[in-house]
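The values are calculated or read from the model by the stated rules, or taken from the named source; none is laboratory data. Remember, it's a predicted structure, so these values are computed and weren't measured experimentally. Note that we place each Cβ from the backbone using ideal geometry, even for glycine, and neighbour counts take in every protein chain shown. What goes into the accessible areas is simple: the full protein's heavy atoms, side chains included, and nothing from ligands, DNA or RNA. Shrake-Rupley method; radii C 1.70, N 1.55, O 1.52, S 1.80 Å.
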Amino acid sequence: QNWAHKRKGQSTEFLPDFPIAIEQLAGLIAGAVIDFSDWVDVEPAGLGPALLDPESMRALLLHLLGRLYQPGYGPDTAVPFASVLGDATKMGLLEAVATFKVYGVDVERPIFHLERSMPSIDPMAPVAPDAMGVTVGRAMTRTFRLAIDLVPYEDYWPDPTGHHRYVIHEVTRRLAELRENPDYDPAAIERLTALAEETETKTDKATRSGQPVTYDDEGEPIVRVRERWGDIVDRHGRVLHRNVVVTTAGSEVLRPPTPNPFWHGRWPFVSTPLVRVPLSTVHKALADHAGPVAKAINELFNLMLDGGFAATWGTRQVRPDWLANPEEIADGIPQGYTAVLNNQAPIGAKFLERVDSGEVPQFAAFTMQQLKAAFSASIATPDTGLGRLPPRQVKATEVVQAERASNTLYDFIAGHFELTGLTPVVELAWLTTWQFLDDLTDPELVQVVGVERALALDSLTPAERFVLLAQAATFKVRGLKQVADRARSVQGNLALLSLVGSNPALAAAYDAEFDVRKQLRQIVRGLGIDPAKIAKTPGEGAILDPRLVLAAARSGGDLLGALGGGGMGMAGPAETPGDLELGIGAPNPAGTTGPGGGFEAGPAGSVPQVPELGIG
């Protein structure tokens, strides 16, 4: 809040009602998602058997979302998706729109091992060898990390016509970051560097606002980079390029029109409002209604505070020429001050005299109550929702009705946010993962999906993995309605089972029509139990051979028919000597090493050797 109109000595207090209300509302909306372990549902696409079952897909997705990328050398788990979601909710409440950018980053990951080393005399050595000369070695390897950034409102410019022909993302970058991007033109970066040196030598720092290259607080050159995604159309309406990305910095073109680098062909942005304005590209924020009322409350509170001070101290007049030392009151007269008068002061005269009768206006308290009520209405939250007790004259039924109306509104806001914001973010994260994820033997990924599935995926090329898994499932994000949906699901399933169990004819029809295992999974979910934690391990089930699935996908025929009704390509005991188990890696001849599998396939009944993972 701007206090520029205040004079010295006037109160400038900011009440915590508004910021605390934003924190509570953000916790209500975001907490509905992050407070549940199964906040995202994975539903198979129905195209036949898949390389990963829904629980493995969800476990892999949650693993990647739990360790999002951030610059620097911090820990891998520094940015979980819960933190990004909480910040995005606050941005939606304050800026009207929450915008995500989903992409992949190739980062270095250390791998530790033991190695022999000579004793070091350097006291600053990171790890000194032990008595046997063994020390810790570290090798760096490249690995994929999923990244989800929040884009500020002022840096994201969508197509104002509503036709969604393009979006623009503008961000501040250092010249050192531009040089590290292999997609940018080095000659254009060198011209920006020369401009930065010219700006530094010939232009005063206070007049650099009009230059494309400026300097941060540490004196490092920075530049505004504009990234444009979409179609390029000339002034005559001819489409020159479709679905391309162009990067510029001032008048320099860092990246010319380039086809969309993502295999999914979509923009990496997801932008959604919390409070929509129909048929408009500019939406409202909840703070647009609550902000002015909160400022009025702060102004009135400060006036009441100043009135209290005025009632206590009042306006006084003083005769400094009667004081023996007038400099003592140059900064005001403190409480309990004892004045020493000089010989010029008349006997019995007062050097200090009050000339007003200051008091707090009686209507101020009533006005404050009205503003508080208007603030609660602007954020659709009763006093109880903000942690305050209602007035004594308010009935309990009125409190319940107000809370019910508030919950209904935020149920709608959260449900819309999950549908138009979080679900597309999760889908983009899944599609981006299978374009760039190539380190399937990462111990953490092996632990998530299992050894057999990790090796099966590692035997495929990135393009093959993308084709088989990018559209293998659909995702749904559930939040506030999850608890009610669970209760209704459990009650409905139990009532159905009770009805079926009471009639043998219904039981026979049910057994012929429905799968009781799927119904049991729904009941387990409805009770708040994660099915993945009590399910059998992947090694106990059948694993499809990815080569057979890929061949069926390429042939365009019946996937189940190509797999022989699900019986072909399953890992299990071989019936005839000399057969190969096709559940892991590529179906290579016995005793040979396949280019994709990375292990030796032995005869039937033998176990493939995987020395990289240390298993037999």
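Given a cut-off of 21 Å, name the pairs among Lys476/Lys536; Lys90/Lys295; Lys101/Lys476; Lys476/Lys518 whose C-alpha atoms lie farther apart than that in the structure shown.
Lys476/Lys536, as the Cα separations exceed 21 Å there.
Cβ neighbours within 10 Å, averaged per peptide: list 225-237, 442-454, 6-18 in order, most packed at the top.
442-454, 225-237, 6-18
What percentage of all Cα-Cα pairs in the stretch 236-318 are separated by more than 16 Å?
77
Show me 455-467, 186-198, 307-319 ranked by packing, highest mean number of other Cβ atoms within 10 Å first.
Ranking, from highest mean packing down: 455-467, 186-198, 307-319.
Suppose R0 equals 60 Å. What FRET efficiency, 1/(1 + (r/R0)^6) with r the Cβ-Cβ distance, do Val134 and Ile534 give to the nearest 0.05? Walk me through the intermediate numbers first.
Values: r = 42 Å, r/R0 = 0.70.
With a Förster radius of 60 Å, E is 0.90.
Principal axis extents for the stretch 427-520, Cα atoms only, whole Å, descending order, please.
The Cα atoms of the stretch 427-520 stretch 53, 33, 24 Å along the principal axes, largest first.
Going out from 0 in 10 Å bins, what whole percent of all Cα-Cα distances in the stretch 51-119 drops into each bin?
15, 33, 30, 14, 6, 3, 0
Stretch Trp3-Leu520 to full length: gain in nm at 0.36 nm per residue minus the Cα-Cα span?
179.9 nm
³J(HN,Hα) across the stretch 142-153 via Karplus (A = 6.51, B = -1.76, C = 1.60, θ = phi - 60°), whole Hz, x for Gly/Pro?
Each residue's phi maps through the Karplus curve to give 7, 8, 8, 9, 6, 10, 10, 9, 9, 9, x, 4 Hz.
Students often check this: by mean Cβ neighbours within 10 Å, which of 491-502, 289-300 ranks highest, and how do the rest follow?
On the way: 491-502: 12.5, 289-300: 18.0.
Ranked from most to least packed, the peptides come out as 289-300, 491-502.
Using amide H atoms built in the peptide plane, which far-off residues or other-chain residues are under 5 Å from Ile529 H to H?
none
Pop out the ³J(HN,Hα) list for the stretch 497-512 in order, Karplus 6.51 cos²θ - 1.76 cosθ + 1.60 with θ = phi - 60°, rounded to Hz; leave Gly and Pro as x.
5, 5, 5, 5, x, 8, 9, x, 5, 5, 5, 5, 5, 5, 5, 7
For the stretch 229-268, what is the largest minus smallest coordinate of the Cα atoms on each principal axis, given in angstrom and ordered from greatest to least?
That works out to 29, 25, 12 Å along the principal axes.
For the stretch 158-199, count the residues as N, evaluate 2.2 N^0.38 Å, and divide the Cα radius of gyration by that value, please.
Working: Rg = 14.7 Å, N = 42, 2.2 N^0.38 = 9.1 Å.
Normalised by 2.2 N^0.38 Å, the Cα Rg of the stretch 158-199 equals 1.61.
State in Å² the accessible area per residue of the stretch 212-371; use a 1.4 Å probe, count heavy atoms of protein chains only, and round to the nearest integer.
In whole numbers, the stretch 212-371 has 62 Å² accessible per residue.
Working out 0.36 nm times the residue gap between Asn503 and Met368, then minus their Cα-Cα distance, what length gain in nm do you get to one decimal? Mind dumping the intermediate values first?
Details: separation 135, 0.36 × 135 = 48.60 nm, distance 6.68 nm.
Roughly 41.9 nm would be gained on extension.
What full-extension length gain, to one decimal in nm, is calculated for Ile20 and Arg179 as 0.36 nm per residue of separation minus the Cα-Cα distance?
Contour length minus Cα-Cα distance gives 53.0 nm.
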